[in-house]
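Below you'll find the structure, written out as structure tokens, and then a few comments.
The values are calculated or read from the model by the stated rules, or taken from the named source; none is laboratory data. Only a predicted model underlies this, so the values are computations on that prediction, with no experimental measurement involved. Cβ sites come from the backbone with ideal geometry, for glycine too, and all protein chains shown count toward neighbours.
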Number of protein chains: 2
Amino acid sequence: MTTEEKIITAAEQIFMEQGFDGARMQAIADKAEINKAMLHYYFRSKDMLFEKIFVEKVKVLFPAIGEQMKQHLSFIDKVCFFIEQYYQILNKYPFLPFFVISTVNKKDNQHFIQKLPIDFFKEFFLESFFQDQAQGKIRQVNPFQFALSLMGMSVFPFLAKPALVGITQMSDGDFTELMNQRVVELQTYAKLILTP
Amino acid sequence: MTTEEKIITAAEQIFMEQGFDGARMQAIADKAEINKAMLHYYFRSKDMLFEKIFVEKVKVLFPAIGEQMKQHLSFIDKVCFFIEQYYQILNKYPFLPFFVISTVNKKDNQHFIQKLPIDFFKEFFLESFFQDQAQGKIRQVNPFQFALSLMGMSVFPFLAKPALVGITQMSDGDFTELMNQRVVELQTYAKLILTP
DNA sequence: TGAAAAATTAACCATTTGGTTAAATCATTT
DNA sequence: AAATGATTTAACCAAATGGTTAATTTTTCA
């Protein structure tokens, strides 16, 4: 493992746990087991290190599942496929949604918003939606509202995970189990909402 | 306006915008137009000031709409009423969900999790759910999953507001308009999901 | 092998930050 | 008005933080 990789791995953890403001360069250095000066040697500044991590992580959260989506013909199929794929990612990186949301929610972070890769929304979601709706294959719902709902339902348990786990006393395994059940539950909801 | 009120008002804004770590005591003092020492005179420390704000704001986000809910007989009615009431609160305090989520998501904040008033979930949500489900008035969905979905659909647009506004170039008025439309959209979704 | 380049370290620095303090001002009561 | 207590201020402080630097070690390669 190179020093650069050690730094990135450590920075990911610290930034995800503590956020940009809460993260300390020394803490990253400690976790990476390197001298603090190396952080600046490789990434110049805290801002640049953070941006590196953010850009990388955002690619994971807005994945390139567009290609695979083409296989699924109807809009409803696409949505169900999305839920399934997305929960694999979320289960793997449960802190990602909060990391992205909290970065984007800070003032003067318009800069990071532009970095969000959202093309696939127009390309696969909207296009397919209107096509199927014109054919009467899905109900007259507002596609934008539906997209927000789909994202919200998917992502919210992960945003609220610490609260959920804290309140219900469930283990990490319990949570994963709940999220696995959730895939088919959300697919059912989507079908109920969309099927005319 | 007393000094204490000035402080609270200023602290609310700064903490909501910047989070605990990002907030500066000096910034709060400046916004309140008072001397920084007053903050400690009235609230002792940054932690105690923050806690004061958090506890207060959390009461707003988990409102006492339980009483009014009794009027609504069926579970579906209750859910629709909840959506309507909740969006009034969210439109008024759009940054609250992020504030609470981001506080709770930080390590070592188990302490704040205990402060979340969630009794009304068991009291009004679960109880009514099982009652109506036993009578076959609602579909066989998992109440916990449904609650998570309902919260997620409701709250997510506000969590993602900066990104949404940034990407779509919509104005604040556009956003509010979208959220107003959203009330009936979500009520429709809830009915479609729950009605057998 | 040996010199140049890259990587690493320890010590250091300027600034910021939450918090304190002692003195000053204002309000209240007698 | 004088004494008392509450409120407010400016100056200050120690600790922490992001960042730098000069020297040292390791790697590269002619």
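I'd like to know if the range B:119-142 contains one or more residues that are at the interface with another protein chain (Cβ under 8 Å from one of its Cβ atoms) and in a helix (DSSP H, G or I). Among the residues of the range B:119-142, not one is at the interface with another protein chain (Cβ under 8 Å from one of its Cβ atoms) and in a helix (DSSP H, G or I), which makes the answer no. Within the range B:2-49, restricting attention to residues that are on the phi > 0 side of the Ramachandran plot and more than 9 Å from DNA strand D (Cβ to nearest atom), the residue that is modelled with the highest pLDDT is B:Arg44.
When you look at A:Lys70, is it surrounded by fewer than 16 Cβ atoms within 10 Å (Cβ to Cβ), in the same structural domain as A:Phe125 (by TED's automatic domain parsing) and among the charged types (D, E, K, R), yes or no? Against the criterion (surrounded by fewer than 16 Cβ atoms within 10 Å (Cβ to Cβ), in the same structural domain as A:Phe125 (by TED's automatic domain parsing) and among the charged types (D, E, K, R)), A:Lys70 qualifies.
Would you say A:Met151 is at pLDDT 95 or above, of a type outside the set (S, T, N, Q) and farther than 27 Å from A:Thr9 by Cα? Here the answer is yes, as A:Met151 does meet what is asked. Applying the condition of being more than 30 Å from B:Leu49 (Cα to Cα) and out of contact with any Phe, Trp or Tyr (no Cβ under 8 Å at 6 or more places or on another chain) to the range B:103-132 and asking which residue is surrounded by the fewest Cβ atoms within 10 Å (Cβ to Cβ) yields B:Lys122. Tell me yes or no: at least one residue of the range B:110-133 is touching a residue at least 24 places away in the same chain (Cβ under 8 Å), in contact with a helix residue (DSSP H, G or I) (Cβ under 9 Å, 6 or more places away or on another chain) and under 20 Å from A:Asp21 (Cα atoms). Among the residues of the range B:110-133, at least one is touching a residue at least 24 places away in the same chain (Cβ under 8 Å), in contact with a helix residue (DSSP H, G or I) (Cβ under 9 Å, 6 or more places away or on another chain) and under 20 Å from A:Asp21 (Cα atoms), which makes the answer yes.
Of all residues in the range A:90-115, how many are assigned to a loop (DSSP other than H, G, I, E, B) and within 11 Å of the chain's Cα centre (by Cα)? Of the residues in the range A:90-115, 3 are assigned to a loop (DSSP other than H, G, I, E, B) and within 11 Å of the chain's Cα centre (by Cα).
Within the range A:148-196, can you find the residues that are within 20 Å of B:Val141 (Cα to Cα), touching a Gly at 6+ places or on another chain (Cβ under 9 Å) and part of a helix (DSSP H, G or I)? Result: A:Ser149, A:Met151, A:Gly152, A:Met153, A:Ser154, A:Val155, A:Phe156, A:Pro157. Annotation note: of B:Ile53, B:Ile28, the sole residue that is among the aliphatic types (A, V, I, L, M), away from chain A (no Cβ under 14 Å), within 17 Å of the chain's Cα centre (by Cα) and surrounded by 18 or more Cβ atoms within 10 Å (Cβ to Cβ) is B:Ile53. Within the range A:134-191, the set of residues being of a type outside the set (Lys, Arg), touching a residue at least 40 places away in the same chain (Cβ under 8 Å) and surrounded by fewer than 17 Cβ atoms within 10 Å (Cβ to Cβ) comprises A:Gly136, A:Thr176, A:Asn180. Please work out if A:Ile89 is closer than 26 Å to A:Ala163 by Cα and within 16 Å of DNA strand D (Cβ to nearest atom). When the stated conditions are applied, A:Ile89 does not pass them.
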